[in-house]
Each structure stands twice: as C-alpha cells, then as structure tokens.
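Inspection log for the structure reproduced underneath, given as structure tokens.
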C-alpha cells in the first residue's frame with residue numbers, strides 16, 4: 001500500500017511538474033526585435049537587390065550590348081517618371097489601374113468564397129464543376145478579352161468581367177484546397193458542440209481552412225492584376241482612361257522604350273506593394289495565431 005501511494009504521489013508530482021512547465025512555456029514572451037535588426041533583416045536585403053539590378057542594368061547600357069532604342073538607361077526611365085510627376089499624371093495612371101484591380105478582386109472574393117465552400121462541401125457540385133474550375137484556372141486570362149469586348153463593349157464592365165473570369169477560379173480552388181486539409185477531428189468536435197450548418201462553416205471550417213484560403217486569395221489577386229493588365233493592353237480606348245496597361249501599349253506604339261520600361265516598373269511596383277502591405281501582414285497574423293511564428 002505504501003509503495004502504491006508513493007507511486008501515485010510521484011505520478012501526481014510529475015503531472016504537476018508537466019502542467020507547470022506548459023504554463024511556463026505559454027507564459028514566455030518573445031521580446032520584440034530591435035529596430036536595427038528589423039532593418040538589417042527585412043529592409044536592407046530588398047534594397048540591396050534593387051541596387052544590384054540597377055547596377056547591372058547600367059553596366060549593360062554602358063557596355064553598349066545593344067542600341068539605346070532597345071535598352072534605355074535607368075536615367076532615361078527616371079526622367080519619364082519625373083516628367084509624369086510634374087505633369088500630375090503619374091498617380092492618376094496608377095490609381096486608374098489599382099482601383100479597377102481592387103474592385104474586381106473584391107467582387108471576385110464575394111463570388112469565389114461561397115462558390116469554393118459549395119464545391120468543397122457538396123460532392124455532387126464538386127463532381128460537376130470542380131474540373132471546370134481547375135480548367136478555368138489554367139486558361140490564360142488574355143483569352144477572355146476578345147469575347148468580353150464583343151459581349152460588353154469597351155467599358156469598365158468588360159474589364160471587371162475579365163478579372164472575375166481570371167480570379168474567381170483561383171479563389172474558389174484555394175478555399176477547396178484549404179477545406180480538404182481540415183482534420184476530420186475538428187469537424188466531429190464541432191458537430192459534438194452543436195456547430196453544424198452555417199455555424200459550423202463559420203466557426204470551424206473557415207478558421208481551419210484559413211491558410212489554404214489565404215494562398216488562394218494571393219493567387220486570386222495575382223490573376224486579377226494580370227487579367228487587368230491584359231485587358232488594358234488589348235482593349236485600350238480613350239473612353240477607358242489611361243491605366244498602366246494602356247501606358248505600356250502606348251509606349252510600344254510610339255516605339256518609346258523608356259516609356260515601356262516605365263510602365264513595366266510601375267506594374268511591378270504595384271504588385272509588390274499590394275503583397276507587402278496586404279497579404280504579407282495577413283500571412284504573419286495567421287502563422288502567429290497558430291504559434292508558427294515568433295512575435296517580432
């Protein structure tokens with residue numbers, strides 16, 4: 001009896017020690033990284049990469065590997081930026097495309113999310129339209145521009161139609177992939193607690209599928225932006241206003257290589273900015289909320 005009591009007491013002490021250790025682990029606060037460390041790790045590398053690209057670009061121009069009408073210098077492209085800024089057209093051109101892209105993406109989000117849930121949760125719907133969504137996702141967005149122009153004309157509705165046809169399949173498929181990766185134990189636990197139907201979808205399925213859903217959103221934005229640029233390049237019209245795609249096409253028509261490079265750089269900068277300002281913080285929040293990223 002005494003030995004049994006001793007073993008039980010020892011087991012109790014072990015459990016108490018384990019609980020204390022887990023509590024201590026949860027209570028550990030990771031200190032925030034110093035500003036200098038953040039600058040060195042996150043700000044300096046991309047700046048260094050940009051500097052190296054510009055240096056290589058200038059070296060190619062200096063070495064005269066080709067004629068200036070095919071490869072303009074960084075200085076001539078910067079002169080174009082400065083000219084547009086002084087004329088007050090730079091921000092207008094960027095905002096024309098950004099506003100269209102964001103509006104189309106939000107509309108695609110409103111359509112793709114319920115569509116993805118429907119495909120993921122209803123077997124008949126998945127069997128019927130799942131392969132179609134995958135096929136649409138692999139179809140180049142530029143293929144939708146000619147029929148969209150014929151159906152809707154040269155207007156903003158045509159632009160949004162091309163964005164939707166490019167982005168909705170990516171968002172829906174991303175959510176389907178996220179739902180497929182939800183552990184069945186989560187679903188059973190939710191049903192046991194009464195989380196069924198829409199309540200289970202909102203409180204169990206969507207939070208558990210968030211990483212895959214977020215990946216689909218990133219891909220959906222990429223498709224939105226690429227679809228918009230394709231539509232603006234092909235279906236340029238004065239009635240549509242001057243966007244980045246039209247700016248790129250105007251540079252090609254005028255054989256203005258500094259203007260072409262300027263448009264390409266602006267398109268690239270907008271894509272990077274959206275990723276850094278919107279999707280990267282969302283990814284960090286998701287990882288941190290799951291304990292996969294230290295607070296810094």
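None of the figures in this text is laboratory data; all of them are computed from the coordinates on show. Given the structure is predicted, the values throughout are model-derived calculations rather than measurements. Cβ atoms come from the backbone with ideal geometry, glycine included; neighbour counts cover every protein chain shown.
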**Message:** Distance between the C-alpha centers of the stretch 211-252 and the stretch 61-102? Whole Å please.
**Reply:** 17
**Request:** Report the full-extension gain for the segment residue 250 to residue 73: residue separation times 0.36 nm, less the Cα-Cα distance, to one decimal in nm.
**Result:** 61.8 nm
**Asked** Relative contact order, percent, of the stretch 79-289 when contacts are C-alpha pairs under 8 Å separated by at least 6 residues?
**Response** 26
**Fill in**
Expressed in Å to one decimal, the Kirkwood Rh of the stretch 79-289 from all distinct alpha-carbon pairs is 18.6
**Message:** Just to confirm my numbers, what's the Cα centroid distance between the stretch 127-145 and the stretch 147-170 in Å?
**Reply:** 14
**Prompt:** Using 0.36 nm per residue, how much length does the chain from residue 107 to residue 186 gain when fully extended, once their Cα-Cα distance is taken away?
**Reply:** 25.4 nm
**Message:** Could you work out how much longer the chain between residue 92 and residue 59 gets when fully extended? Use 0.36 nm per residue separation minus the Cα distance between them, nm to one decimal.
**Reply:** 8.6 nm
**Asked** Can you put 48, 71, 175, 117 in order, fewest other beta carbons within 10 Å first?
**Response** 48, 71, 117, 175
**Request:** Pairs of Cα atoms under 8 Å, at least six residues apart: use those to get the relative contact order of the stretch 187-296, whole percent.
**Result:** 18
